Structure formats: structure tokens, C-alpha cells
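The values are calculated or read from the model by the stated rules, or taken from the named source; none is laboratory data. Only a predicted model underlies this, so the values are computations on that prediction, with no experimental measurement involved. Cβ coordinates were reconstructed from backbone atoms using ideal geometry, including for glycine residues, and neighbour counts include every protein chain displayed. With ligands, DNA and RNA removed, areas are computed over all heavy atoms of the protein, side chains included. Shrake-Rupley method; radii C 1.70, N 1.55, O 1.52, S 1.80 Å.
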Amino acid sequence: MNVFFQAVTGILLLQLLFAMWNAAQLPKLGAAPGARAAQVLPAPASSRSLRLSVLIPARNEADNIGDCLSSVLASSTGGIGAEIIVLDDSSTDGTGGIAEATGGGRIRVLKGRPLPEGWLGKSHACAQLAEAASGEWLLFLDADVRLQQGALQEVLSAAEAAGGGMITGFPRQMTGTWLERLVVPLMVFTIICHLPIPLVRGSRDPRFVAAHGGFILIHRDSYNICGGHEAIRSELVDDMALARAVKRSGGTVTLMDVTEQVFMRMYHNARQVWNGYRKNIYAGIGRSPVLLLGVLIAYLSLYAVPAAAVLYYGLSGQPGAALWPAAALLAGLAVKRTSDAAGRQPFWFCLLLPAGILCLLLIAVASWRGSRTRAGYEWKGRRYG
């Protein structure tokens, strides 16, 4: 078994070097694409001709929409004209009324149209928002997103520097329950460990994309050319599908570090975590059972088996046999710490890697099973196949 754990340790050390390099390639929101400077650039004078539309689809978001809109309203645009539009997507909890009360006339609240055949709910809501927007740049935010005070000005700086295309990033994830802490930070882990960040913008290959639907900034022309949300109306993982559509149409996609200015709490309990990831994982890997099996084997071997071996050898009184498994475990934790640092997560979250991987793989299997049965997936009161 030593040969196996030596090989795992070697692979993880190489992955650690890649993760450290990759995390350093992530440009900061407010800096020009390709720049990695830590400082935030102020909105240049030339960007004052831009007009920004902040677009928020909301379905049964009474607990979130007020705080979301308050943070948007408090975020300066540096004197640049902006509009805020909320689409109430058939909510039954008073979301629309809360949005209107929060805005005080500064927010336009639309009533969503019934969901047509062949459309998924969020894409339909976003398409209606884009149709109603007048901005040159469209900023799609989820209702559970919160902005820091200077976020919109930095968004416009990034827009000015990019000139077009799509800019996206993973907001800093706030967690409360154990399954949130175990699973949610693994979003950034998969990106930092496996996706070469420079190729997101530098390659036209649509396979090299990453996107988070909670924060998507896209130029109006790029949105129209790629077909917008209508072109991806039946895609479960709409953010990734939109990014691929932008690339296929010749546009650029830039993945940025937005964690200093944008944060969110996606889920509030274990059931929401399970259902949210269950809906997305299998679709996110292209509904390929072979790829899923490969991921299961690789993740178990790299991140879970070393921890299990350390535990086994420790309890059975064989400390010498635990040395190489321990080395592999420590290397894996170092990789996780690198990704957690990129996502601005607490230091001790790296210790959750083995348990988090096991939870993620269980959800992945459930996601595969959901696609193979008539049960499908349920999210926000709607059922998808």
C-alpha cells in the first residue's frame, strides 16, 4: 500500500503547486482583465457614459430580497447612471411587495409572466429582465447576494477594462450549518484545482469556462449575439451554459475574484444544500456516467482514502504504516487550504476536506439517480427532469 500512497502524495503535491499558481492568476474585481494587482481601480472618467442595469430574478425570496436591494442601493456607482430591476417570478411569500417597499421608487419591480413550455424558471426570469433593461451592461445578481459599498463602481471599472463579453466570479460564501461548511466551499476547490484560470479568457474553447449565476456581468451586445437566456432556456446549469454560449459566439469570458466586494449565503440548511447540488452536479459534468465514475474514483482515492487509512492504522496500533497516508492527507489539506484562501474561507475549513468529499460524492450519486428516474429534481417549488 505504500506505493499507492506515495503515488497519491506525489499527485497531490503537483496539484498543490498547480493550485497555488492557478489561484495567483485570478484577477481582482476592479483591475483590468489579465492584471493581478491587489489594489482596486477607481471607475475612470470615460466610463461615465456607461449605463448599468442591475437585474435580480426573485422567486419566494422574502427573506433575502430586502437586504439584497439595500446593499445594491448603498453601493456607489461613482455618478454613473444605473437602474435596478427586480422580477417577481410568481412568488407566494410577498417578495414583490418587499422589493417595492425597499426601493422607495428607485427600483422597478416586474411581475413575471407564466413559465412557457421548454423553459426553466431562472432562465425565463433573466430573459424577461434583459428584455426590460436599458443598460449597456447587464449585471445579473441572485437575491441572496450582498454587495459591499464600492462594488458597483468596481463592476463598472471591470466593464470599462473588458470592453465587452462576460465577467463572472464566485462570491464569498457564508455558511452556517455543517453541510454548508462541508460542501459549499468545494465549488471554488474544483475550479482552483482543475481549471487553468488563464484559459477561461485566453482560450476560445467553450470547455474552459467557469461561472457563478449569483454574479454575471455581460455586455448587451455579447448577450444578444450569443442568444441570451433564450438560447439556454432548457439548461439546468444556466450560468455555465451562458458562459459557453458567449464563447461559442466569439465573445470573451473573464473569471474574476469578487470575494472582497460580493458575498452570499446560498443555502440555509442541509436540505437546501442537498437539493441545490443534486440538481446541478450531474448536469454540470455533461450527464456523463463515465466521467462521473472517474470523478468518484479519483476523489475517493486522492482525498478520502488517505484519511481513512490514517484512522485505521492509528486505531490498530500501526503508526509506522500511517506515515505515507498521513503525508497524502496533509498534501490534500494543503490543496484545500489554497482554494479556501482564494474563496476567503476560514483556515480550519481545510480540515473538513475528507468528510466534504464524501458528502459531495453522495450528492453526486443522488444527482445521477435523479436523472435516471422520473422523479427528476425539485427546486423552488418547480420540478425539472
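Quick notes on this one:
Each row is one residue, and each column tells you yes or no for (1) buried (at least 24 other Cβ atoms within 10 Å of the Cβ); (2) of a type in the set (Phe, Trp, Tyr); (3) in contact (Cβ under 8 Å) with a residue 40 or more places away in the chain; (4) touching a Ser or Thr at 6+ places or on another chain (Cβ under 9 Å).
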site	(1), (2), (3), (4)
Cys126	yes, no, yes, no
Glu136	no, no, yes, yes
Leu141	yes, no, yes, no
Leu147	yes, no, yes, yes
Val155	yes, no, yes, yes
Gly164	no, no, yes, yes
Ile167	yes, no, yes, yes
Pro171	yes, no, yes, yes
Met174	no, no, yes, no
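- Taking the conditions (1) farther than 30 Å from Ala366 by Cβ; (2) among the charged types (D, E, K, R); (3) free of Cβ contacts under 8 Å to residues at least 12 places away in the same chain in turn, Arg271 satisfies each one other than (1).
- Residue within the range 152-172 that is under 29 Å from Glu61 (Cα atoms), in a helix (DSSP H, G or I) and either of a type outside the set (A, V, I, L, M) or modelled with pLDDT of 95 or more (or both) present: yes
- Filtered residue count, the range 177-190, keeping only those that are open to solvent by 30 Å² or more (accessible area, probe 1.4 Å), touching a residue at least 12 places away in the same chain (Cβ under 8 Å) and out of contact with any Ser or Thr (no Cβ under 6 Å at 6 or more places or on another chain): 4
- Of the residues making up the range 138-162, those that are more than 19 Å from Ile84 (Cα to Cα) and out of contact with any strand residue (DSSP E or B) (no Cβ under 8 Å at 6 or more places or on another chain) are Glu160, Ala161.
- Residues of the range 93-119 that are out of contact with any strand residue (DSSP E or B) (no Cβ under 8 Å at 6 or more places or on another chain) and either in a helix (DSSP H, G or I) or free of Cβ contacts under 8 Å to residues at least 40 places away in the same chain (or both): Asp93, Gly94, Gly97, Ile98, Ala101, Thr102, Gly104, Gly105, Arg113, Pro114, Pro116, Glu117.
- Note on the range 186-204: residues that are in contact with a Leu (Cβ under 9 Å, 6 or more places away or on another chain) and more than 15 Å from Ala19 (Cα to Cα) total 2.
- Every condition in (1) within 25 Å of His268 (Cα to Cα); (2) buried (at least 17 other Cβ atoms within 10 Å of the Cβ); (3) modelled with pLDDT under 95 is met by Ala74 except one, and the failing one is (2).
- When we screen Leu293, Leu323, Leu329 for residues that are within 22 Å of Trp348 (Cβ to Cβ), hydrophobic (A, V, I, L, M, F, W, C) and open to solvent by 30 Å² or more (accessible area, probe 1.4 Å), the only hit is Leu329.
- Within the range 4-55, being open to solvent by 50 Å² or more (accessible area, probe 1.4 Å), in contact with a Leu (Cβ under 9 Å, 6 or more places away or on another chain) and modelled with pLDDT of 95 or more holds for one residue alone: Ile11.
- The lone criterion from (1) buried (at least 22 other Cβ atoms within 10 Å of the Cβ); (2) within 24 Å of Ala283 (Cα to Cα); (3) in contact (Cβ under 8 Å) with a residue 40 or more places away in the chain left unmet by Asp89 is number (3).
- When residues of the range 299-309 are limited to those that are among the small types (Gly, Ala, Ser) and open to solvent by less than 40 Å² (accessible area, probe 1.4 Å), the one farthest from the chain's Cα centre (by Cα): Ala309
- Filter result for Ser367 (part of a helix (DSSP H, G or I), more than 21 Å from Glu180 (Cα to Cα) and touching a strand residue (DSSP E or B) at 6+ places or on another chain (Cβ under 9 Å)): no
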